[in-house]
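Presented below is the structure to which this report refers.
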Amino acid sequence: MPGNAAGNASQATDFSSVGRHAVESLQRRLWLPKLFYSAIPYFYITAGLSALLATFYIAEWFWVLPYYVLFSIASVHIGIIIFRRRRMRRASSRDDPEIIRFKSVT
């Protein structure tokens, strides 16, 4: 093993344990209160629409304008996807005929 300036051998396991801890913390499930969890799709849609409206108020072309448009399209799209997936999952668990009919049409 390569040594450090003091002549002591460095421990490679220190870095591997830090990396392992970082991966474990990223893979851990996150618990959110039900109010926050149910508001996530609406937050994404609101953030996307507000970014889209912000692009209309930029007077001249600015380098950040395409990023506002890209962010607005992506966040609205993600919000709609999350909303539809949750709606379909609730419909399959309840067997609601109206929502199941909507799912089969699209």
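So here's what we get for this one:
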{"item": "Residue within region 71-84 that is modelled with pLDDT of 80 or more, in a helix (DSSP H, G or I), β-branched (Val, Ile, Thr) and touching a Leu at 6+ places or on another chain (Cβ under 9 Å) present", "result": "yes"}
{"item": "Residue list for region 49-82, filter: under 13 Å from the mean Cα position of the chain (by Cα) and surrounded by 15 or more Cβ atoms within 10 Å (Cβ to Cβ)", "result": "Phe71, Ser75, Val76, Ile78, Gly79, Ile82"}
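The values are calculated or read from the model by the stated rules, or taken from the named source; none is laboratory data. This is a predicted model, so every value here is computed, not measured. Neighbour counts run over all protein chains shown; Cβ positions are idealised from the backbone, glycine included.
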